[in-house]
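**Student:** I have a structure here, written as structure tokens, and I will follow up with some questions on it.
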Amino acid sequence: MKTVKNYLYNVAYQVFVIIVPLITVPYISRVLGKTAVGINAYTNSIVTYFVLFGSIGVALYGNRTIAYRRNDPKALTKAFWEITLLRLLTIIVSTVFYMIYVFFIAKEYQDVLLAQSIMLLAAAFDISWLFMGLEDFKKTVVRNMIVKLASLVLIFTFVKTRNDLILFVIVTAGSQFLGNLTFWPYLRKTLVRVTVTELNLWQHFMPSIYLFIPEIATQVYLVLNKTMLGKWYSVDSAGFFDNSDKIVRVLLAVVTATGTVMLPRVASTFAAGNFEKVKSYLNVTFDFVSIISFPLSFGIIAVADNFSLLYFGPGFAGIEDILKVLPLVIIFISWSNAIGKQYLLPTNQMKPYTASVVGGAFVNVMLNIMVIATFGPVGAAVASVIAEGVVTSIQLYAVRQALDLKRLFKNTWKYLVAAGTMGIVAYYVGTLRAGVIGLVMQVIVGVIVYGLLILLLKPTILKVVLNFIKTRRISEDGL
């Protein structure tokens, strides 16, 4: 029951972190225009590299480390301060290099890049990994909701013309900074007293670097697409891809929330030596993410034409072509999230995890070099899908002997048939009626078709879900 609650809290947290900019997308797309949206996407991709290097893999490493020590308050407190201070030092170094880039290397958009530097300040005070390691997700939801809603009000109040791009950047980056600050008052109830002489920062440096390497690779195909589009195709295309990616990331938050929730739970179970339980967790969560990811992926593809015109406006005509390709990453990422973050990472199998994301990043870069100049954002979307497929394939190969792959994919054909049929029917409905009414009809019909087919095909996960509905808890053999 606790795991289910944490999943729901984390879904709320992950979605809400993205939901404010997502709500503002239709407004900002029309007020700022496609060029300003593209400049924001391009400059944000630049600062993200420096945030990444300054954070040195702390999010995953800190989450797992806290999970290992959560039953020992003294050890937990030491680990928290050691990791926090280490990250603060690396963020300071990264900020220095970022300022050198902005003032001495960057040839355009220096004012916007300077406003984006608030993201580095926000990263320095991000301690959400502590509460995730403790499986305490409620705090992150409530506190961030207040701050994000405030930023939403500020955007609609002050961003009024095409000249307000910098103000928009300051509000969005500033809200993330304030949101991170709201976690700190809870430390008094979570930590115990330790002295500075007890701390050993550098013992965490190399372990976090091991997680930092795959994180770099992951960011390559999350951020580099926009950088390369802005440089090689057009800054407008970077905005097109970024807006499409926002839609996909919100849907992904619903699926990948299981990874954040299950990582500390699996790490704790693995530390206790219960290896069979670890495998049973993966079997259930793999089915769970599959039954969600397939309809989300095929659903957004089916409504792409209707949705893109209504949501982004006529100024973003052509973005529907990206939305007919990019959502396929939802399926691959949900699988790699289950295998990587819910099995490989908690069980300290860093080599195959690193190999998978590095391999995917390499494929993504090579494909982008070949296709972006000619095919623009649609080519970048295809490259992203193939790269995520490579990540999943490498991870499956790595666990082929430890896990029963037939069991993992036993129900996949059922989700594919149900989601594929749903997509065809929903797309056909969209050809009959356009506009808001047409979109609503597509969604309603799609949900009904998928739901009926799942009930007819009866995948294994239904037993777990029905058991939870009946008993209000997941059995010990499930989650």
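Please treat every number below as a calculation from the coordinates, not as lab data. As the structure is a prediction and not an experimental result, all values here were calculated from the model. Cβ placement follows ideal geometry from the backbone for every residue including glycine, while neighbour counts extend to all protein chains displayed.
**Student:** Taking θ = phi - 60°, what integer Hz values does the Karplus form 6.51 cos²θ - 1.76 cosθ + 1.60 yield along region 363-370, in sequence order, with x for Gly and Pro?
**Tutor:** Those phi angles translate into 4, 4, 5, 4, 5, 4, 4, 7 Hz.
**Student:** Let me ask something else about it. Take residue 374 and residue 149, extend 7 Å from each Cα along the Cα→Cβ direction, and tell me the distance between the two endpoints in nm.
**Tutor:** Placing both labels 7 Å beyond Cα along the Cβ direction yields 5.1 nm.
**Student:** Among 396, 408, 443, whose Cα projects farthest towards the positive end of the dipole of region 386-460, with charges put on the beta-carbon of Lys, Arg (+1) and Asp, Glu (-1)?
**Tutor:** Of the candidates, 408 comes out farthest on the positive side.
**Student:** Once fully extended, how much extra length lies between residue 23 and residue 200, figured as 0.36 nm per residue of separation less the alpha-carbon to alpha-carbon distance?
**Tutor:** Values: separation 177, 0.36 × 177 = 63.72 nm, distance 4.33 nm.
Contour length minus Cα-Cα distance gives 59.4 nm.
**Student:** Now for a different question. Among the listed pairs 351/406; 189/463; 107/351; 148/414; 160/226; 34/107, give every one whose C-alpha distance is greater than 28 Å. Spell out each step's value before the answer.
**Tutor:** Numbers: 351/406 24 Å; 189/463 39 Å; 107/351 39 Å; 148/414 38 Å; 160/226 25 Å; 34/107 21 Å.
Distance filter (> 28 Å) returns 189/463; 107/351; 148/414.
**Student:** Here's something else I'd like to know. With +1 assigned to the C-beta of every Lys and Arg and -1 to the C-beta of every Asp and Glu, and no other charges, what is the dipole magnitude of region 387-441 about the Cα centre in debye, to the nearest 20? Working shown, then result.
**Tutor:** Numbers: 6 positive and 2 negative charges, 43 e Å.
Dipole magnitude for region 387-441 comes out near 200 debye.
**Student:** Once you compute Rg and the Kirkwood Rh from C-alpha atoms, what is the Rg to Rh ratio for region 387-452? Present the calculation step by step, with values, prior to reporting the outcome.
**Tutor:** Details: Rg = 17.2 Å, Rh = 14.2 Å.
Ratio of gyration radius to Kirkwood radius for region 387-452: 1.21.
**Student:** A further question follows. If each of residue 158 and residue 393 carries a label point 7 Å out from its Cα toward its Cβ, how far apart are those two points in nm?
**Tutor:** 4.9
**Student:** With a cut-off of at most 12 other beta carbons within 10 Å, and DSSP calling the residue loop, which GluC sites (Glu not before Pro) in region 34-135 qualify? Please list them.
**Tutor:** Qualifying residues, ordered by number: 108.
**Student:** Kindly identify region 369-409 as rounded, prolate or oblate by the Cα gyration tensor criterion: order the square roots of the eigenvalues as a ≥ b ≥ c, call it rounded if a/c is under 1.5, otherwise compare a/b with b/c, prolate if a/b is larger, else oblate.
**Tutor:** Values: a/c = 7.19, a/b = 3.51, b/c = 2.05.
Cα axes put region 369-409 in the prolate bin.
**Student:** Karplus couplings for region 445-461 from phi (6.51 cos²θ - 1.76 cosθ + 1.60, θ = phi - 60°), rounded to Hz, Gly and Pro as x?
**Tutor:** Each residue of region 445-461 in turn: 4, x, 4, 5, 4, 5, x, 5, 5, 5, 5, 6, 7, 6, x, 4, 4 Hz.
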